[in-house]
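See below for the structure under consideration.
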Amino acid sequence: MGEPFTYESYLDRYGQLTYRVVGTSMLPLLRQKTDLFIAAPKTDVRLKVGDVALFFRAPDRYILHRVIAVDAQGYTMLGDNCIHPETNVRDADVLAVMTGFVRNGKAHSTNERGYRLYASVWLHTRRVRVLWLRLRGAAARAFRTVFPKRT
């Protein structure tokens, strides 16, 4: 029957992981159910701000988010479409680092100039984007309060 699939076992066996994006936390970079992300196992080299990493959160969540801060204890991660960061992510929690993605059948590397520009802009506008997402969420909640769905 074999051992059950885990990201860890797959990375150990094949040395790289290409997987369909599940969730919307990395929008607009990665689109759910249509794009693929490509990741290589994490090495002993510490992650840097801007890297996108696959990490594990107990009890059973695997998360792909961008590093927004690095300190001696670990990392703070945030999805490109999120407002709440994941704090205290340790090196031991990180399984892999995204090296590319596939959109519309075309592979893109995280070394490409266009990707590096996107990541830089995304990092430098994070506070404004988080504020925008919070305001948009508050407006949507207010709208639903004033205009509830009819059943």
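Taken together, the values in this text are just the output of simple stated rules run on the coordinates, not laboratory data. This structure is a prediction, so every number in the text was calculated from the model and none was measured. Counting neighbours? That spans all protein chains shown, and the Cβs are built from the backbone with ideal geometry, glycine included.
Simple spin-label model, 7 Å along Cα-to-Cβ: residue 121 to residue 68 in nm?
In this crude label model, residue 121 to residue 68 measures out at 1.9 nm.
Once you order the gyration tensor axes a ≥ b ≥ c over the Cα atoms, which shape class does segment 7-49 get: rounded for a/c under 1.5, otherwise prolate or oblate by comparing a/b with b/c?
Oblate is the answer for segment 7-49, as a/c is 1.5 or above yet b/c matches or exceeds a/b.
When a/c reaches 1.5 or more, the comparison of a/b and b/c decides; with that in mind, is segment 9-105 rounded, prolate or oblate per its Cα gyration tensor?
oblate
Please give the contour-minus-distance gain from residue 88 to residue 134: 0.36 nm per residue of separation, less the Cα-Cα distance, rounded to one decimal in nm.
Answer, rounded to one decimal: 14.3 nm.
How large is the direction-averaged shadow of the alpha-carbon convex hull of segment 55-130, in nm²?
Average projection, Cα convex hull of segment 55-130: 6.1 nm².
7 Å from Cα along Cα→Cβ at both residue 24 and residue 45: what's the point-to-point distance in nm?
3.5 nm
Determine the sum of side-chain charges near residue 124: Lys and Arg each +1, Asp and Glu each -1, restricted to other residues whose C-beta is under 14 angstrom from that of residue 124.
On the way: positive: 66, 116, 126, 127, 129; negative: 80.
After counting each charged neighbour, the total is +4.
Placing +1 on the Cβ of each Lys and Arg and -1 on the Cβ of each Asp and Glu in the chain, which of 146, 88, 100 has its Cα farthest towards the positive end of the resulting dipole?
The residue sitting most towards the positive pole is 146.
Mean-square fluctuation check for the chain, GNM, Cα pairs under 10 Å: which of 123, 29, 135 is largest?
Highest fluctuation among the options: 135.
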